[in-house]
1. Taking 0.36 nm per residue of sequence separation and subtracting the Cα-Cα distance, how much length would be gained by fully extending the chain between Val80 and Ala48, in nm to one decimal?
2. Just to be sure I understand the curve: with the Debye formula and one point per C-alpha of the stretch 2-114, what is log10 I(q)/I(0) at q = 0.14 Å⁻¹?
3. Which value in deg cm²/dmol, rounded to the nearest 500, describes the helix-derived mean residue ellipticity at 222 nm for the chain, given -39,500 (n - 2.57) per DSSP H run of n ≥ 4 and division by the residue count?
4. Work out, step by step, the length gained on full extension between Lys64 and Ser17: first 0.36 nm times the residue separation, then minus their alpha carbon distance; give nm to one decimal.
Amino acid sequence: MTVLLDSSGWIELLGGSSRAGLFEPALTSSRLLVPSLVRYEVGRYVLAKSGNEARLLALRAMAKFDQVPIDADTADAAAVIAAKHKLAMADALIYATAKIHEAELWTQDAHFENLSGVRFFSKT
């Protein structure tokens, strides 16, 4: 199975939180996608919380998996998805990437809760 782990999942994993176990199986999926937008969001978060050295370690960990750039097809699909599902730009780009690559999106972001192809982990 192809999985796209969103930023919140990576942050739980890399931070070793009590919720990390929910996202660990994604690491052994047949293909794990890391969109460039997820790299940005995780890098920015880790930099703010733990500094540049931790950011570099986080990026190195994510680099072991399939890196997916934002291209024209993804941007075009995201615009339609954003309008249809009332998603913000970043969420629409991540969801569009998952759809284009036929990946299951793993997230704890409530914006995705009722969308097809999403494995949602409730925070409550």
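1. On the way: separation 32, 0.36 × 32 = 11.52 nm, distance 3.21 nm.
Between Val80 and Ala48, full extension yields 8.3 nm more.
2. For the stretch 2-114, the Cα-only Debye profile gives -0.54.
3. On the way: 6 runs with 65 residues, N = 124.
Only helices count here, giving -16000 deg cm²/dmol.
4. Result for the pair: 14.8 nm of gain on full extension.
Bear in mind that the values in this text are calculations on the coordinates, not laboratory data. Computed from a prediction, not measured in an experiment: that's the story for all the values here.
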